[in-house]
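This report concerns only the one structure given below.
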Amino acid sequence: MRGDKSKRRRSSAKTIAAQEVEQLVKKQEQIHILDVREVEEVKTGKIPNALNIPLPLLEFRMHELDKTNNYIVVCRSGGRSGMAARFLEQQGYSVTNMTGGMMEWKGKTV
């Protein structure tokens, strides 16, 4: 039983729908988006002002992130961003995983 509880707690990263993120971007809210897709994937389009740190490099580049910010983490479909969100949360960062990833994104890309 104890193991089950800790497993649930570890996977409890907050989530936000792509449509909600799109509304925040449209309202020009002060948000911080972290795109953990590979560079080649990002070339197909990313959310404006998103910072790209591919998931395999996150451990080595997380010093580029500010622990006082809340980051919305994005990938192609939500899997890698979920892993990144859990990892960053364990390192003391405030993060929210965008469910559905860029496959659900209907907003502007650059």
Tell me, rounded to the nearest percent, the portion of alpha carbon pairs in the range 35-84 spaced more than 12 Å apart.
-> 62
Tail weight of P(r) past 22 Å, computed on alpha-carbon pairs of the range 26-110, percent | 16
Taking Cα pairs closer than 8 Å and at least 6 residues apart, the relative contact order of the range 48-103 in percent is 37
Give me the distance between the Cα centres of the range 93-110 and the range 41-60, rounded to whole Å.
-> 11
In degrees, nearest 10, the alpha-carbon axis of helix 79-90 is tilted away from the dominant principal axis of the alpha carbons of the chain by 60
Express the relative contact order of the chain as a whole percentage, based on alpha carbon pairs under 8 Å and six or more residues apart in sequence.
-> 35
Please work out the average accessible area per residue across the chain, using the 1.4 Å probe convention, and give it in Å².
-> 62
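Keeping the other protein chains in place, figure out the carbon and sulfur percent of the accessible area of the range 23-75, with a 1.4 Å probe.
Numbers: 1590 of 3150 Å².
With neighbouring chains kept in place, the figure for the range 23-75 is 50 percent.
The values are calculated or read from the model by the stated rules, or taken from the named source; none is laboratory data. Source: prediction; values computed, not measured. In case anyone asks, the SASA skips ligands and DNA or RNA and just uses the protein heavy atoms, side chains included. Shrake-Rupley method; radii C 1.70, N 1.55, O 1.52, S 1.80 Å.
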